[in-house]
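Student: The structure follows.
The values are calculated or read from the model by the stated rules, or taken from the named source; none is laboratory data. Because the structure is predicted, anything quoted here is derived from the model rather than measured. Cβ placement follows ideal geometry from the backbone for every residue including glycine, while neighbour counts extend to all protein chains displayed.
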Amino acid sequence: MRHWLMKSEPDAFSWDDLVRTGAQGEPWDGVRNYQARNFMRDEMQVGDRVLFYHSNCQPPHVAGVAEVCHPAEPDLAAFDAESPYHDPKSTPQNPRWVCVRVRAVEALPAVVPLDAIRRNERLADMLLVRKGQRLSIQPVDPEHFDEILRMARELAED
């Protein structure tokens, strides 16, 4: 099992939105970065755990734990001319974009803000805090994943 961080803007698709999708989860569609696509296509597996991260909000934070519940498949939004994620070069016969389906596992007892993550020396090597790192999907070392969960428990006790 691998660990990941997946970013979403809460006004576009929030942790609460994912929870409402229930056991069937939600396709993580609209990703238009080749490296993030390759992570979904080549490396993500059913059962992998995901830190669900709210970006472009104040404060940005990890809100919950999700899991990959369906392997990569073509991103149907790429074929929809009305979608903001439409890609005319992507066809059902030769899809350029894929998505995995994710479902909520558990809300964290407290959100873990980006500033707290940055201040934690144990997370100094986490991709999320590296300068210039803007990928919406990124791998997370198991130790970093566990540290985020520990921080959430600690923050909930304060």
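Student: Against the definition (in a strand (DSSP E or B), touching a Phe, Trp or Tyr at 6+ places or on another chain (Cβ under 9 Å), over 13 Å from Arg103 (Cβ atoms) and among the β-branched types (Val, Ile, Thr)), how does Val62 come out, yes or no?
Tutor: On the way: in a strand (DSSP E or B): yes; touching a Phe, Trp or Tyr at 6+ places or on another chain (Cβ under 9 Å): yes; over 13 Å from Arg103 (Cβ atoms): yes; among the β-branched types (Val, Ile, Thr): yes.
Judged against the criteria, Val62 is a match.
Student: What number of residues within region 5-31 satisfy the criterion of being closer than 22 Å to Phe79 by Cβ and more than 14 Å from the chain's Cα centre (by Cα)?
Tutor: Residues in region 5-31 being closer than 22 Å to Phe79 by Cβ and more than 14 Å from the chain's Cα centre (by Cα): 2 in total.
Student: Right, another one. With the requirement that a residue be within 14 Å of Asp16 (Cβ to Cβ) and in contact with a helix residue (DSSP H, G or I) (Cβ under 8 Å, 6 or more places away or on another chain), what does region 55-71 give you?
Tutor: Within region 55-71, His61, Ala63, Gly64, Ala66 qualify.
Student: Taking the criterion of being over 14 Å from the mean Cα position of the chain (by Cα) and buried (at least 18 other Cβ atoms within 10 Å of the Cβ), would at least one residue in region 127-143 satisfy it?
Tutor: no
Student: Do we have any residue at all in region 146-156 that's under 17 Å from Met44 (Cβ atoms) and not in a loop (DSSP other than H, G, I, E, B)?
Tutor: Residues of region 146-156 under 17 Å from Met44 (Cβ atoms): none.
No, region 146-156 has no match at all.
Student: Quick one: would you say Met1 is modelled with pLDDT under 95 and farther than 15 Å from Val111 by Cα? It would help to see each step written out before you state the result.
Tutor: Values: modelled with pLDDT under 95: yes; farther than 15 Å from Val111 by Cα: yes.
Answer is yes for this residue.
Student: Need pairs with beta-carbon distance below 7 Å; first residue on the phi > 0 side of the Ramachandran plot and within region 38-51, second buried (at least 17 other Cβ atoms within 10 Å of the Cβ) and acidic (Asp, Glu); sequence gap 6+ or separate chains.
Tutor: Between residues of region 38-51 that are on the phi > 0 side of the Ramachandran plot and residues that are buried (at least 17 other Cβ atoms within 10 Å of the Cβ) and acidic (Asp, Glu), the close pairs are Gly47/Glu67.
Student: Mind listing just one residue for me: the one in region 144-158 that is over 15 Å from Tyr53 (Cβ atoms) and of a type in the set (A, V, I, L, M) and, of those, surrounded by the most Cβ atoms within 10 Å (Cβ to Cβ)?
Tutor: Kept after step one, since they are over 15 Å from Tyr53 (Cβ atoms), are these residues of region 144-158: 146, 150, 153-158.
Those left that are additionally of a type in the set (A, V, I, L, M): 155-156.
Working: Leu155: 15, Ala156: 11.
Across region 144-158, the extreme among qualifying residues is Leu155.
Student: Name the one entry in Arg20, Arg119, Arg103, Arg32 that is of a type in the set (Lys, Arg), farther than 20 Å from Glu143 by Cβ and surrounded by fewer than 14 Cβ atoms within 10 Å (Cβ to Cβ). Steps first, answer last, please.
Tutor: Values: Arg119 fails: farther than 20 Å from Glu143 by Cβ; Arg103 fails: surrounded by fewer than 14 Cβ atoms within 10 Å (Cβ to Cβ); Arg32 fails: surrounded by fewer than 14 Cβ atoms within 10 Å (Cβ to Cβ).
Residue meeting the stated conditions: Arg20.
Student: List every residue pair whose Cβ atoms lie under 8 Å apart, where the two residues are 6 or more positions apart in sequence or sit on different chains, the first residue falls within region 1-24 and is without any contact (Cβ under 8 Å) to a residue 60 or more places away in the chain, and the second residue, located anywhere, is exposed (fewer than 12 other Cβ atoms within 10 Å of the Cβ) and of a type in the set (Gly, Ala, Ser).
Tutor: From residues that are without any contact (Cβ under 8 Å) to a residue 60 or more places away in the chain, the pairs are Met1/Gly47.
Student: Quick one: Thr91 ticks every box in (1) assigned to a strand (DSSP E or B); (2) among the β-branched types (Val, Ile, Thr); (3) modelled with pLDDT under 95 except a single one, so which number is it?
Tutor: Status for Thr91: all satisfied but (1).
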